[in-house]
1. For region 1-109, give me every one of the helices (runs of 4 or more DSSP H) that falls completely inside it and has 2 or more residues that are at pLDDT 85 or above and either over 30 Å from residue 164 (Cα atoms) or under 41 Å from the mean Cα position of the chain (by Cα) (or both).
2. Before we move on, is residue 164 assigned by TED's automatic domain parsing to the domain that holds residue 45, touching a strand residue (DSSP E or B) at 6+ places or on another chain (Cβ under 8 Å) and modelled with pLDDT under 75?
3. Looking only at region 112-146, count every residue that is closer than 21 Å to residue 37 by Cα and crowded, with 16+ Cβ neighbours inside 10 Å and tell me the total.
4. What is the number of the single condition among (1) within 15 Å of residue 43 (Cα to Cα); (2) out of contact with any helix residue (DSSP H, G or I) (no Cβ under 7 Å at 6 or more places or on another chain) that residue 166 does not meet?
5. Look through 144, 148 and report the one residue that is touching a strand residue (DSSP E or B) at 6+ places or on another chain (Cβ under 6 Å) and either part of a loop (DSSP other than H, G, I, E, B) or within 27 Å of residue 55 (Cα to Cα) (or both).
């Protein structure tokens, strides 16, 4: 009976110690979180104010309008072929009708391929846009990091479009801790 009583007292002490430790950790974490300085900015707004941005926008507009004109000419040719086919369809033999339909379909595919190559997600327009804007974006993000360091921010976010973390103090990086927890040793 005495052993059971001592066991209960030890269990109670362990539980009390665990609860006190948890409360202490939560309180210190909350105090630490209150001391963090977080800022944000909108890179789209900043980029649009830079003088070199206007020139880039103009170059992209010229490029885009040239390609749009070329795409429209291709579409006009497709429509002309369709109209010609419909007007003369009854005069054609089955073999010529088939050839004309194939020709129309080929021109349609060429038009679609052209649009995809120029304006698709990995098309030339977006590649040009990325290439032209990258130096400006680097300049803006560098300025954001400089401001963060000078003003003592712990985190800086860009809230234009998707939210990106632009700057974080190295002391808050837990990547190596996570790798260690996963059993991955960076030393070797």
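The values are calculated or read from the model by the stated rules, or taken from the named source; none is laboratory data. Every value quoted in this text rests on a predicted model; they were computed, and no experiment measured them. Heads up, the Cβs are rebuilt from the backbone with ideal geometry, glycines too, and the neighbour counts pull from every protein chain shown.
1. Numbers: elements: 2-34, 43-49, 51-88.
Here the list reads 43-49, 51-88.
2. yes
3. Qualifying residue count, region 112-146: 3.
4. (2)
5. 144
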